[in-house]
Amino acid sequence: MGRVVKKVTVSGLTGKKKEVEALIDTGSDGNVIKKDLAEEIQVGLSMSKGSVKIADETEIRTELGAIGVKIDNCETATIVHIMEKLPYPLILGNRFLQDLNADIDFKDDKMIIRECKPLLLVSISEEKGGI
């Protein structure tokens, strides 16, 4: 699968919102937000710290925060790691997909989000890019 990039609306603790392009990454266990975006929307910080293991197996300590994510008509809260440098403002990994009970249908280029009522089918064909 190539990259799947989707416009989503993120919100912080105070309800401040911003529309951003998020990478939906089935190769990532967790969710990661760029630090400047986290500050802009005023992410609610956790007292806990986390860590992220990047592609070269380096482990980076991070702050953890909570955000709201709205994708089309479906909204949920999720935990994010906060990092300085990212290729996208927001990376949504398997934790996000599991929270929404989402599946990727590779044959029909759809992401099926089962937690949304009614069931949400998100086209991913236009958002695909090269690896």
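The values are calculated or read from the model by the stated rules, or taken from the named source; none is laboratory data. All of these numbers come straight from a predicted model, not from anything done at the bench. In this analysis, Cβ positions are derived from the backbone assuming ideal geometry, glycine residues included, and neighbour counts consider all displayed protein chains. In case anyone asks, the SASA skips ligands and DNA or RNA and just uses the protein heavy atoms, side chains included. Shrake-Rupley method; radii C 1.70, N 1.55, O 1.52, S 1.80 Å.
Surface analysis of the chain yields an accessible area of 58 Å² per residue, using protein heavy atoms and a 1.4 Å probe.
Assuming a ≥ b ≥ c are the square roots of the Cα gyration tensor eigenvalues, decide whether the chain counts as rounded (a/c under 1.5), prolate (otherwise, with a/b larger than b/c) or oblate. Taking the square roots of the gyration eigenvalues as a ≥ b ≥ c, the chain is oblate.
Note on Lys107 and Lys85: the model spin-label points, each 7 Å out from Cα along the C-beta direction, lie 4.2 nm apart. Model label sites at Arg61 and Gln42, defined 7 Å from Cα along the beta-carbon direction, differ in position by 2.8 nm.
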